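Quick notes on the structure that follows.
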Amino acid sequence: MNDHDRSTPHAPAADGADRFVVDLVEHGGPVRGTPQTLDARLFFRLLVFTGCTDTQAVVGAVTGSGLEAVVYADANDPYAVGVLVMSEDPAVFTGAARDLFLREPFTSLVRLPDLTMVGRTYGTGREPDLEDWLLHKPRRNALNPGFPWAIWYPLRRLGSFNRLPRGEQGKIMGEHALIGRAYGEIGKAVDIRLECHGLDRDDNEFLLGIIGPELYPLSKLIKDMRSTRQTSEFIHTMGPFFVGRALYQSPVPERSRR
């Protein structure tokens, strides 16, 4: 579980001064010496509603919408459900997903704005298969029937982290990643890491989904992360946390299966 920033490139202008270069593609690790780039990413949005006494009506509406989605029962509110929608086209959130939530049963429920979360996949410059990392692996994780439990939460780091030398940032993130990989290797947790700069209400930087077959290991993973330097020294805000168990997961698209 590892949140990486990417540096923004600068290039010298004709007069020798630096100029800003806009870079709108995602970057992965080189393959046979050729850098990987992709101008595509997967967007996620979680909406949470309370006042629900008929979860089957919610599942039926989401199933009928044809959206790539997960319906969660909220573990902390017996009347709440969460609906996670994912799409490579963010216009889905203002189109088909908007239409879904403007109909029953959602119009009879109360949305909880504090638990609205949104983010997008991103490349760190090291992924061996950039397309799978950006578009397919997050789907397999979110829609895996063997991983019904999920903890979703946003976070924002202190600005001082971004002023550290790149090598020191990498060392700090490596400590973080080591713990996440250990959980993944024993099948207890996988993650979905998203950037949300400028996308959410509270100016968060990242959105994390920690997903697995049981709830306890997910909680323990988050506890173990508290001892890392990133979490103990450089996290400005973390949460709120949404904890849910999947009632419905749409099928993994054929092109995302392995």
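Read-outs: derived from the displayed coordinates by stated rules, not from any lab. Note that the structure is a prediction, hence the values are computed from the model and not measured. Ideal geometry is used to build each Cβ from the backbone, glycine not excepted, and the neighbour counts take in all protein chains shown.
Above 20 Å, the calculated P(r) of segment 44-133 contains 38 percent of its Cα-Cα pairs. If the chain linking LEU158 and TYR216 were pulled fully straight, counting 0.36 nm for each residue of separation and taking away their Cα-Cα distance, it would gain 18.0 nm. Taking other C-beta atoms within 10 angstrom as a stand-in for reagent exposure, GLU131, GLU26 fall in the order GLU131, GLU26, fewest first.
Here the residues TYR183, TYR72, TYR248, ranked from fewest to most Cβ neighbours within 10 Å of their Cβ, fall in the order TYR248, TYR183, TYR72. Using 0.36 nm per residue and subtracting the Cα-Cα separation, the extra length available between ALA96 and ASP224 on full extension is 42.2 nm.
Note on ALA182 and VAL21: the extension gain reaches 54.2 nm, defined as 0.36 nm multiplied by sequence separation minus the Cα-Cα distance.
Once both labels are positioned 7 Å from their Cα atoms along Cα-to-Cβ, the gap between THR50 and GLU88 label points is 3.8 nm. Could you work out the relative contact order of the chain, using alpha carbon pairs under 8 angstrom and six or more residues apart, expressed as a whole percent? 26 percent.
For the chain, the longest principal axis of the C-alpha atoms and the axis of helix 166-185 are separated by about 40°. Pairs of Cα atoms in segment 150-196 fall into 10 Å distance bins, from 0 up to the last occupied one, in shares of 20, 45, 31, 4 percent. Quick check for you: which residues of segment 106-122 have the amide N under 12 Å from the point 7 Å beyond the Cα of ALA57 toward its beta carbon? In segment 106-122, the label zone of ALA57 (backbone N under 12 Å from the point 7 Å along Cα→Cβ) covers 106-110. Database remark: amide H of GLU205 closer than 5 angstrom to the amide H of LEU155, ARG156, ARG157 (H placed geometrically; neighbours at sequence offset of 5 or more, or on other chains; Pro and chain starts carry no H).
Each residue in THR34, THR55 was given a count of other beta-carbon atoms within 10 angstrom of its own, and listing them fewest first yields THR34, THR55. Only Lys, Arg, Asp and Glu carry charge here, each on its Cβ (+1 for the first two, -1 for the last two); on that basis the chain has a dipole of about 500 debye about its Cα centre. Ranked by the mean number of other Cβ atoms within 10 Å of their residues, highest first, the peptides 118-125, 98-105 come out as 118-125, 98-105. Among the trypsin sites (Lys or Arg not before Pro) within segment 22-87, those in coil by DSSP and having at most 15 neighbouring Cβ atoms inside 10 Å are ARG32. When restricted to Cα atoms, segment 124-246 yields an Rg and a Dmax of 14.5, 41 Å, respectively. Among VAL58, ASN76, PRO113, which residue has its Cα positioned farthest towards the positive end of the charge dipole of segment 43-119, with +1 placed on the Cβ of Lys and Arg, -1 on the Cβ of Asp and Glu, and the dipole taken about the Cα centre? Going by the charge dipole, the pick is PRO113.
Among the listed values (1) 90, 44, 35; (2) 64, 39, 36; (3) 47, 41, 39, the one computed from these coordinates for Cα extents along the principal axes in Å is (2). Against the chain, whose longest principal axis is taken from its Cα atoms, helix 55-65 shows a tilt of about 60°.
For segment 11-85, the fraction of C-alpha pairs more than 15 angstrom apart is 70%.
Here is how the number arises for the chain: DSSP H runs of 4 or more residues each give -39500 (n - 2.57), the sum is divided by the residue count, and the result at 222 nm is -7500 deg cm²/dmol. Taking amide H atoms as placed 1.01 Å from N in the peptide plane, the amide H of GLY123 lies under 5 Å from those of HIS27, each 5 or more residues away in sequence or on another chain.
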